[in-house]
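What follows is a short report on a single structure.
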Amino acid sequence: MTNHWIDIQHADVIMCIGSNPAENHPISFKYVEQAMDNGAKLISVDPRYTRTSSKADTYAQLRPGTDIAFIGGLINYVLKNGLFHREYVVNYTNAAFLVSEDFDFNDGIFSGYDAENFRYGKDTWAYQIGADGLPLRDDRLEHPRSVYQLMKQHYARYTPEKVCEITGTAIQDFMAVARTFAATGKPGKVATIMYAMGTTQHTHGTQNVRSYAMLQLLLGNIGLAGGGINALRGESNVQGSTDYAILYHILPGYLKVPTFDNKDLATYNAKWTPQTNDQQSANWWSNTPKYMASLLKAYWGDAATEKNDFCYDYLPKRSGNYSFIKLMERLQGGGFEGLVCMGTNPIVGGPDAGAIANGLDNLKWMVAADLWETETSVFWRRPGVDPQNISTEVFLLPAASSVEKEGSISNSGRWAQWRYKAVAPPGDAESDAFIVDQWVKNLKQLYAKEGVFPAPLTDLAWNYGDGHEPDIDLVARECNGQFTRDVVIKGKAFKKGQQVPSFAYLQADGSTTSGNWLYCNSYTEKGNMMQRRGLDDPSGMGFYHNWSWCWPVNRRVLYNRASVDLNGRPWNPKKPVISWNKLTRKWEGDVPDGGWVPMSEDGTKSPFIMIAEGYGRLFAAGLADGPLPEHYEPMESPVANAMTSQQSNPAVAIPGKIDNSGRYPYVGTTYRVSEHWQAGAMTRNLPWLVELVPDMFVEISEEMAAWKGLKNGDLVTVSSERGSIEARALVTARIKPLRVSGKLVEQVGLPWHFGFNGLATGGSANMLTTAVGCANTTIPEYKAFLCNIEKGGIQS
Amino acid sequence: MSKADTSKNNAFLIDMTKCTGCRGCQVACKQWNQLEAEETEFFSGEGYQNPPAMSEYTFTRIKFRDYQKNGQNEFAFYKEMCMHCNEPACASVCPVGAFEKTAEGPVIYKAERCIGCRFCMIACPFGVPKYEWSKGLPLVKKCTGCYSRIKEGLQPACATACAMAIGYGPRDEMIKLAEQRLARYPDRYINKVYGKEEAGGTSVIYLTSLPFDELGFKAVTLRPLPGYTWQALRLVPGVFLSVGGGLSAFSWITHRRDRLKNEKQAELAEQGSVPSKEEQE
Amino acid sequence: MTAARRITNEVKSFHPFIKLLMLLVGVGVVASLLRFVYGLGATTNLNDTYPWGLWISFDVVTAVPLAAGAFTLGAIVHCFGIKKLEPLVRPAIVTGFLGYSLVSIGLLLDLGQPQRGWHVFRYWNVHSPMFEVSMCVAAYTTVLFLEFLSPVCEKFGLHLPLRLLRWIEMPLVVAAAAISTLHQSTLGTFFLIAVDKLHNLWYNPLLPLLFWISAICTGMCIIIIEASACHKWMGQPNEGTLLRTLAKIMPWTLGLYIFVRLFSLFALSDGPFFDRPVLTLLFFIELGFGFILPFFMFAQKSIRKNDRRRVIAACLVVFGLVLNRFNVSMFGMMDPNQIYYPSLIETLVTIGIIAGHILFFVLIARYFPIFEHHPETVDYSLPDQFRKIDSGEKSLETGTFPEGETVTGAR
Ligand SMILES: Nc1nc2c(c(=O)[nH]1)N[C@H]1C(S)=C(S)[C@@H](COP(=O)(O)OP(=O)(O)OC[C@H]3O[C@@H](n4cnc5c(=O)[nH]c(N)nc54)[C@H](O)[C@@H]3O)O[C@H]1N2
Ligand SMILES: Nc1nc2c(c(=O)[nH]1)N[C@H]1C(S)=C(S)[C@@H](COP(=O)(O)OP(=O)(O)OC[C@H]3O[C@@H](n4cnc5c(=O)[nH]c(N)nc54)[C@H](O)[C@@H]3O)O[C@H]1N2
Ligand code: SF4
Ligand code: SF4
Ligand code: SF4
Ligand code: SF4
Ligand code: SF4
Ligand SMILES: [Mo]
């Protein structure tokens, strides 16, 4: 989230698109309702009429996978009617920048496309650079090569009629959304977007998010209270796990994982440290070398010296895509001997789950650390296989749950909050920290004895006390970082062993450590900031600066320097995030995004400090699939792309096991319900929750039920090119067939919580989904695929 | 019945326009009261509704409504629970006084008194008390108003679990709050505070955006129910005395008449003229 | 002969109908045991929608007015001095005593915690109609028991108690009438609380009064039926002339009932009345056949005089009452989407209770002097314990049934 949960209450318009917060983020809905009590309008854009939709002032139904068309239409509406926030757009975004003459867009394909490899060369997606090395710009936004004009031209194609032909939305609903949302282009009005998996789980998921961000930039809604684009994160600490590098391509603090050609630290730094000639750009990532050196010092301690590149060589280098889908492909090819499943249940949660389950049969061993016996840990018992034929040795380690151990949890609003152990874990259960600690300690010994390349392990600084449990307090201190010697930085003297006060003090020379530069400031000499529980809120804006701690440096709203005009006056004086006090010459309110003076004065910096050029990107060259979001159909779709002849995302290779032949006529989408959690182990084993939603079901329209002769509760078989499952038909007017490109398209919705093991069992929706991912993130396209529905169970 | 001051009772203010049907309250109630889960199949009602009704295992339940009205979807939720009536019918009919309206608000049940006659179930206008049908010697079960929590200064479990829809506090304040909301958002609500007067006023009050009957609210009288029986029962001593007294007087008169008649007959018999006893048809 | 042997022989000598009754009672007892073993949920069709079913509707709400003959007749005979009806009093008292005892048993079966039945006397709740009825039933059963002691004492020739009983007869009769008035009407009060549940055709504020009047009507009709049945099947003398006198009272009470009923319906109730066809039908059957038709029948001398027709009219009233009580306590409160009907076990228990009633009546009649009790023949003045009275002895010999005849329905 650019903002945070409590901040949602300040919005004038809230658009829940690709998310269902009433069901999946129930507490967030408290702030939605608070906003509504203050007069805010709620918009819900979802293929299904959900519990969120039931509270919305405006509901727009759309076909899964067509968000770009929908938002493209809104962008067009805003641009055509001049409803954007001009001052904001000119000064804070790259709208005025001129784009290279070589950049081109033709029938769905941007310039530089390499069709063979489903890849773009991005050379032409560049700004025109002037003699001063700075991008050329036209502040009147009239130059035909300006981002603004290119964008306007691009989205002019997204007329309301065209949009609704693609999305299936009723045109009056689309127009209602357009009018309501675009009204927040005025200063003093603000809208927020709450999005989640309905947005991201597509082959063009990242571009979906981009389209939301562009709309918000155009309306001047980013950086403001009640604005921003807010990713409603998933698992309770998934924000923390991405901050701490759960993904294959990042290191803690979103530093890049070195690739095979980053042969030494200097090369790495050169490659990944963005450059700019603009003196007015903070270009925060220019600090990459400092953060990287501090991280390596945290990893390898005294062994890491300036001379040995701080043990940079010990880091594994990647040479490809190790995303979940790719790993599972390799698993199916027999590419792994062993697998550790630590708090994950892939044969329920992974795409094309049947294939993943088959892949597990190839393993020699599996370790599962979980609270429950998951489907994955008993994969050898799944229906249709004979355990006799599976020789995998499975170790199930009982894990302690979140309330049975201490540590921090980072929520979507980037708040790292300390939790204490409430009860002891039952039986033999141990915390994950204990499990990992034991692994590392044992591996260290083993490697010391017989390792081929033992140094990365034997040199590892692993000092978390001698207790049974590793000392979590020490871990938190290390994440923040310490001084490794007495130094003077920015005129301040620090002693060896002191906590680094904030990332502004991190050094590239080995004088500091930091396990995660983003969290530098979370555990200072004053103590563990994450444990704070201060309820004071002097601004009345719900920042609660003394409640826990928030990255970066306790800033509650990101890009908050865009919330003020050039003179530092808030666009919306009633809900200021920060404001410039001319007398004290200081910012008041939230922790400003860099303390520089307002934009109208000298010595200032542009508000978008994480971006090299300092401006919010309407035109973004960094993505794999184009600088401007463009509508493509999902990999499986019942219709041809009505926009261009490019059917699906050109930057995504067409996978196997796809069937667009018409054998599977209905659009399927998967979703969550309040009553269950994810792959279900945690809820399908709890009788109180099983009571609420006991069976796998599929939501189908009344129309489909009528002509298929289905009654509410009837058993049906849902099948796709990947597999078949049984489910009970939930016949409801909340899901409706859509008129798309002149034909009626039925859609069905399936919760994906069920599996064959546990107290409540049922067919896994992921038996049906496609194992194809987003061009940028490889998140699977769980939200749109084709399927068929037949009356009766699988047996019949 | 004695009219206690109920304005300082604690009351629930349940704003159905804010309820998202998440059913956290339903689960929190089961957890606090350690109630068994019910065995359900698919859904027992519209939407995701389960279980089919309140029961010995379920003290509160979210009723789902999933329908279309004027071409618009309605997906609505209604929390059922004991209304903790100001003048509870259940308490008035119970022959052993097993129900009691506490000063704190909740109507509590003293299981050790109950004889299991189920009159409370007949009497409750909201169909709240439920029975342990599976047991040989069953008792009644219903929402306790989380009396054990209230006494410790906590809020009821369901109210604690709910993010927005359930408020809890002194009844007069809750009613004031409800009326303020009605005044402030006239378009959002049906203009009615359900529970302010229903069954003589309850400690659970509702606001909704849909007509109450569409949500499945029971139509109940506004008069406190105990009054209905009491208007007859209060006559009991009078009836007893007048019937007893009347009959006594009557018999005294008839006996006296008989005696006199007998004496007369005896006299006449002595004179030898006994009248024949004809059928007096 | 040992005692056991004698009893066996005695039982063997019973008429097959009595044996059938014994069998039904036995089945009923077993069924009641099952209720405790498996719980009410498994053995009955009761549930949270229908917490009360056949047992309450029949065994309590209906059985009580059916046993109203005792107090009605007591009052008629002793208070209003229509002395010639006195021979009918004893059978009525036996019927009443049995009826109330079985009501108590039925109620205990229905209670979730029968072992706590005494709590009613410990934790008073004067606001509860159920409390009132429990107290009354307990008091009244005691009164009936005392009244019933007379034939017992006569049988065993216990003179002192007999004299004592005779001495408290009047107070007992008055108490019986007063107590009965209370609980007969309070049974109606039960349903006053169901203001939002009971259909408007039956719900009205005069329910208690209506329950009381209809109980009086029925009490008398039961006596008519019972005496006629005993004459027909048990060889008792024909009390026709007495019954005719009783029947003469009927048009008045029935008329009063119909008047109050219609008044309360039109003047004191709010519609809608005829929104549910089944209930409308039940209403008209109940009022038409159960009250208005017999009213006209009893109003006619020819019918009153005719033994057969008189019984038919009385049966109609009983039918009307039964239907009325079911309408109030069951049908009128039924949710049209979820119909209640009694389970096999509920039915067996109720049949057992009815059978028990007849069985005990017959057995009591067989062994105790309850018929032909013409007090003028008993000399209460002599406190001589050793004097044996021979009244009632005859019933032992004559209490047999003609072959092939069965007693049906009537109690
Ligand atoms: N109760 C509960 N809460 C949860 C979870 C849970 O399992 N149970 N999981 C947690 C996790 S890990 C996550 S990631 C979040 C996910 O939170 P959400 O993203 O809110 O979850 P979903 O239900 O998967 O998807 C949201 C909505 O997207 C809609 N949708 C599908 N396709 C499209 C589309 O193409 N466009 C648009 N606009 N909408 C579409 C679906 O109909 C669905 O209603 O929830 C978290 N919260
Ligand atoms: N079709 C479809 N599939 C989807 C999605 C979708 O929307 N549609 N959503 C996707 C998303 S967003 C996500 S996040 C994934 C989630 O997929 P998974 O992460 O595989 O699913 P979970 O069920 O959350 O698995 C978490 C497991 O961790 C265990 N656990 C809980 N706490 C602890 C702990 O403290 N320690 C340990 N060791 N274990 C613990 C739980 O018991 C549970 O079994 O699924 C994805 N799959
Ligand atoms: S489940 Fe937990 S994390 Fe999710 S909304 Fe509820 S309280 Fe928040
Ligand atoms: S917890 Fe609150 S919002 Fe959720 S279902 Fe219950 S009343 Fe509704
Ligand atoms: S709602 Fe029913 S159970 Fe609850 S207090 Fe009122 S009458 Fe009693
Ligand atoms: S069932 Fe128990 S609580 Fe209910 S009225 Fe009877 S005795 Fe009272
Ligand atoms: S007040 Fe307590 S017992 Fe009643 S519904 Fe709420 S949680 Fe359950
Ligand atoms: Mo997630």
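The values are calculated or read from the model by the stated rules, or taken from the named source; none is laboratory data. As the structure is a computational prediction, the values presented were derived from the model and not from experiment. Cβ sites come from the backbone with ideal geometry, for glycine too, and all protein chains shown count toward neighbours. Note: areas computed on protein heavy atoms with side chains; ligands, DNA, RNA excluded. Shrake-Rupley method; radii C 1.70, N 1.55, O 1.52, S 1.80 Å.
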The protein assembly as shown: antiparallel DSSP beta bridges as a percent of all, rounded to 5: 60
Alpha-carbon Rg/Rh ratio, for region A:343-488, with Rh computed the Kirkwood way: 1.05
Region C:283-337: relative contact order as a whole-number percent, Cα under 8 Å and 6+ apart: 42
Filter on A:LYS490/A:LYS582; A:LYS449/A:LYS495; A:LYS736/B:LYS63 - keep pairs with C-alpha separation over 32 Å: A:LYS449/A:LYS495
Residues A:TRP707 and B:LYS69, FRET efficiency given R0 of 25 Å [Cβ-Cβ distance, rounded to 0.05]: 0.55
Relative packing of A:204-215, B:34-45, which averages over residues the other C-beta atoms within 10 Å, highest first: A:204-215, B:34-45
Cα-centre dipole for region B:49-207 with unit charges at Cβ (Lys and Arg positive, Asp and Glu negative), debye to 20: 200
Local electrostatic count, A:MET36, Cβ distance below 10 Å [Lys/Arg +1, Asp/Glu -1]: +1
10 °C / 1.306 mPa s Stokes-Einstein diffusion coefficient of region C:21-367, Kirkwood radius on C-alpha pairs, µm²/s: 76
Long pairs among A:LYS405/B:LYS141; A:LYS421/A:LYS441; A:LYS122/A:LYS256; A:LYS30/A:LYS290; A:LYS575/A:LYS605; B:LYS8/B:LYS218, criterion Cα-Cα beyond 30 Å: A:LYS405/B:LYS141; A:LYS30/A:LYS290
Accessible area per residue, Å², chain C with all protein chains present, probe 1.4 Å: 41
Over the protein assembly as shown: helical MRE at 222 nm, DSSP H runs n ≥ 4 each giving -39500 (n - 2.57), nearest 500: -11000 deg cm²/dmol
Accessible surface buried upon A-B contact (total; probe 1.4 Å; Å², nearest 100): 3100
Rotationally averaged projected area of chain A (alpha carbon convex hull; nm²): 33.9
Cα gyration tensor, region C:27-181 - rounded (a/c under 1.5), prolate or oblate: prolate
Portion, in percent, of the accessible area of region C:1-122 that falls on carbon or sulfur, probe 1.4 Å: 71
At 0.692 mPa s and 37 °C, Stokes D of region B:1-145 from Kirkwood alpha-carbon radius, µm² per second: 198
Heavy-atom accessible area, 1.4 Å probe, ligands and nucleic acids excluded: residues of region B:122-158 down by at least 50 Å² from chain alone: B:ILE122, B:TRP133, B:GLY136, B:LEU137
Quotient of C-alpha Rg and 2.2 N^0.38 Å, computed over region A:272-399: 1.52
Given charges at beta-carbon only (K, R positive; D, E negative), |dipole| of the protein assembly as shown in Debye: 3340
Chain C: angle of helix C:129-156 to the longest principal axis, Cα-based, in degrees nearest 10: 20
Dipole-positive endmost among A:ASN321, A:ALA270, A:ALA433 within chain A (Cβ charges, Cα centre): A:ALA270
Average beta carbon contacts from partner chains per residue of B:47-57, 10 Å cutoff: 3
Angle between chain C longest axis and helix C:3-12 axis [Cα atoms, degrees, rounded to 10]: 60
Dipole of region C:35-186, positive direction: furthest Cα of C:PRO161, C:LEU85, C:GLY39, with charges on the beta-carbon: C:PRO161
Over region C:21-367, relative contact order from alpha-carbon pairs under 8 Å, at least 6 apart, %: 30
Label-point gap, in nm, between A:GLU588 and A:PHE118 - each point 7 angstrom along Cα→Cβ: 5.5
Inter-chain shielding of B:253-260 (mean C-beta neighbours from other protein chains, 10 Å cut-off): 2
Net dipole in debye of chain B [+1 Lys, Arg Cβ; -1 Asp, Glu Cβ; about Cα centre; nearest 20]: 720
Cα Rg, Dmax, region B:147-278, angstrom units: 32.9, 100
Heavy atoms of A:VAL385: accessible area, 1.4 Å probe, square angstrom to 10: 50
Partner chain coverage, peptide B:66-74 - average Cβ within 10 angstrom: 4
Two-site FRET efficiency, C:ILE7 against B:ARG223, from Cβ-Cβ distance with R₀ of 56 Å, rounded to 0.05: 0.40
Cα centroid of region A:440-475 to Cα centroid of region A:710-751, whole Å: 52
Relative packing of peptides C:92-98, C:267-273, B:247-253 - highest average C-beta neighbours within 10 Å first: C:92-98, B:247-253, C:267-273
Calculated Rg and Dmax of region C:283-361 using C-alpha coordinates, Å: 16.2, 47
Fully extended contour minus Cα-Cα distance, from A:VAL452 to A:VAL436, at 0.36 nm per residue: 3.6 nm
Two-site FRET efficiency, C:ARG163 against B:ARG256, from Cβ-Cβ distance with R₀ of 22 Å, rounded to 0.05: 0.50
Å² of accessible area per residue within region B:1-236, as computed with a 1.4 Å probe and no ligands counted: 37
B versus C: buried accessible surface, summed, Å² (probe 1.4 Å, to nearest 100): 5100
Delta accessible area of at least 20 Å² on complex formation, residues of region A:52-89, 1.4 Å probe, chain isolated as reference: A:SER54, A:LYS55
Long-range lysine pairs (8 or more apart or interchain), region C:21-367, Cα under 25 Å: 16
Pairwise Cα inverse-distance average, inverted: Kirkwood Rh of the protein assembly as shown (Å): 38.4
Of the DSSP H helices in chain A, those whose Cα atoms cover at least 15 Å axially and whose Kyte score averages 0.5 or more: A:67-80, A:171-182
Carbon/sulfur fraction of accessible area - region A:697-796, other protein chains in place, 1.4 Å, %: 53
Folded to 0 to 90 degrees: helix C:89-110 orientation relative to chain C principal axis, Cα: 50
Euclidean distance of C-alpha centroids, region A:79-148 and region A:596-661, integer Å: 12
Candidate residues A:HIS676, C:HIS127, A:HIS249: accessible-area rank, largest first, probe 1.4 Å: A:HIS249, C:HIS127, A:HIS676
Fraction of accessible area attributable to carbon and sulfur, region B:1-236 (%, probe 1.4 Å): 51
Charge dipole (chain A, unit charges on Cβ, about Cα centre) - positive-most of A:ILE246, A:THR761, A:PRO187: A:PRO187
All-pairs alpha carbon distance profile, chain B, 5 Å steps from 0, percent: 1, 5, 10, 13, 15, 13, 10, 6, 4, 3, 3, 3, 3, 3, 3, 2, 2, 2, 1, 0, 0
